[in-house]
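Report on one structure; see the data block that follows.
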Amino acid sequence: MSGVLDQWSPQNPCINRGYRAFSEFSPHIPEFSVSPLVCRTPPVSQRMLPFSSTQLSRTTSHLTPLLRSLSHSSHSLSSPPPPNLLRRKQPLRVRSLDAAQPYDYEAQLRSHFHKSSSLKIAILGFGKFGQFLAETFVSQGHTILAHSRSDYSSVASELGVAFYDDPHDLCERHPDVVLLSTSILSTERVLRSIPFQRLKRSTLFVDVLSVKEFPRDLLLKYLPPEFDILCTHPMFGPESGKHSWAGLSFVYDRVRIGDDESRVDRCEKFLDIFAREGCRMVEMSCAEHDRYAAGSQFVTHTVGRVLEKFGLESSPINTKGYETLLDLVENTSGDSFDLYYGLFLYNDNAMEQLKRLDMAFKSIQNELFGHLHRIYRKQLLGDAEGARELGMTRSMVQKLLSNGAPPNAEPPLDPDNAA
């Protein structure tokens, strides 16, 4: 015990702490002088203990384990602790990745590419056609926002679209593209209600209306000059494009696109949505579109609605041509009358096409009644008169007709006065 105590010194704080514990554990040894800084051993002449050997044996039996542990601590802690143990605790940080690093890196690259190629598109007018477009936009990974007068929040949630009741809230999301999918008749009202000041400057505006010169003029009138304008017309709808867009025409006109590379790239990203679906991309001016559309789309809708009023129905002996007519009625009857009326009202070529349809129908009617008229005269006037009539030109025969009825024929009965 004396050998161990002789090794204590004030330079070893661990030993000083151990000695303080030793002095508290052994109050029966007053000869030992204890100090937090100095540890002295009494002279040899004063090492006689004033208690019996039995008491000494009992005391030392308790001290032996403590002294052994103190001796071990003095050897193990005599060298200063490593500097890293004296540093302040730092939060845990990841120093390396696991073995899946290449896979994770590829995933990060794909995520980065997806973000760089995706667009944030706001659809104004979330009716049937807006929902039809949004479904494909979402499937390609684009972020879609929507606003409409009616509450389509439940439908939007099912499609993965964020729906906003207030257009101000939608514009504060700063979409890359604002797509107008409203009816033709409400386009101007919707444009005037948009809070342009909440959008990013140079936002791309796109319309998908069935006429082109009318929305083009409105966009140029109401949009700030910094905004880009792309007029488009998907030549299909929820019925004709419900299975696939492959091979269907998509007409577009870059009315006003900035020269900045990012703005050109944004326009191409939007057009690529339809190109990726297999659409036949057709670039033409708005004026050309309306001229062609009046002769195709407006006529198609007119014939389809006429056949709908006619009451065309399926039968057990349908021909291929008849099936085509039934499909036409189905496709056109699914569109609102406002769409059809807009095609007529806001396309300067529509009135001309309507007159041509009316003239064509009357021409067919007159031709049918003309043949009937010749047979009727032959029966009334005999072979000589009939032969003379057969030599008459068609134009002369048509002059004899009045509303497709033979001269002197009985007028048709009024259904309201018929018995």
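Key figures
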{"read-out": "Residues (surrounded by fewer than 16 Cβ atoms within 10 Å (Cβ to Cβ), within 16 Å of N331 (Cα to Cα) and either in contact with a Ser or Thr (Cβ under 7 Å, 6 or more places away or on another chain) or not hydrophobic (A, V, I, L, M, F, W, C) (or both)) located in segment 271-313", "value": "S296, T300, E308, K309, G311, E313"}
{"read-out": "Residue in segment 144-151 that is open to solvent by 30 Å² or more (accessible area, probe 1.4 Å) and within 15 Å of the chain's Cα centre (by Cα) present", "value": "yes"}
{"read-out": "Checklist (1) open to solvent by 50 Å² or more (accessible area, probe 1.4 Å); (2) charged (D, E, K, R); (3) assigned to a helix (DSSP H, G or I); (4) under 27 Å from I194 (Cα atoms) applied to R254, failing item", "value": "(3)"}
{"read-out": "Enumeration of residues in segment 157-174 that are open to solvent by 80 Å² or more (accessible area, probe 1.4 Å) and acidic (D, E)", "value": "E158, D165, E172"}
{"read-out": "Residues within segment 175-193 that are in a loop (DSSP other than H, G, I, E, B) and either open to solvent by less than 30 Å² (accessible area, probe 1.4 Å) or within 17 Å of L119 (Cβ to Cβ) (or both), tallied", "value": "6"}
{"read-out": "So R356, is it touching a helix residue (DSSP H, G or I) at 6+ places or on another chain (Cβ under 9 Å) and modelled with pLDDT under 90", "value": "no"}
{"read-out": "Residues (within 24 Å of S336 (Cβ to Cβ) and of a type in the set (K, R)) located in segment 213-270", "value": "R216, K242"}
{"read-out": "Unmet requirement for L145, which otherwise passes all of (1) outside any strand (DSSP E or B); (2) farther than 20 Å from D338 by Cα", "value": "(1)"}
{"read-out": "Residue count for segment 211-234, restricted to those that are touching a residue at least 12 places away in the same chain (Cβ under 8 Å) and out of contact with any Asp or Glu (no Cβ under 9 Å at 6 or more places or on another chain)", "value": "7"}
{"read-out": "In segment 220-251, residue least open to solvent (accessible area, probe 1.4 Å) [restricted to those that are polar (S, T, N, Q) and out of contact with any helix residue (DSSP H, G or I) (no Cβ under 9 Å at 6 or more places or on another chain)]", "value": "S249"}
{"read-out": "Filtered residues of segment 194-234 (kept if in a loop (DSSP other than H, G, I, E, B), under 18 Å from Y252 (Cα atoms) and within 23 Å of the chain's Cα centre (by Cα))", "value": "T203, V208, L209, S210, F227"}
{"read-out": "Qualifying positions in segment 217-274 - closer than 25 Å to G295 by Cα and among the charged types (D, E, K, R)", "value": "D217, E239, K242, D253, R254"}
{"read-out": "Index of the failed condition, S202 passing every other in (1) touching a Cys at 6+ places or on another chain (Cβ under 8 Å); (2) modelled with pLDDT under 95", "value": "(1)"}
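The values are calculated or read from the model by the stated rules, or taken from the named source; none is laboratory data. Because the structure is a prediction, the values reported are computed rather than measured. Positions of Cβ are generated from backbone atoms using ideal geometry, with glycine treated the same way; all protein chains shown enter the neighbour counts. Just so you know, the surface numbers come from the protein's heavy atoms only, side chains and all, with ligands and any DNA or RNA stripped out. Shrake-Rupley method; radii C 1.70, N 1.55, O 1.52, S 1.80 Å.
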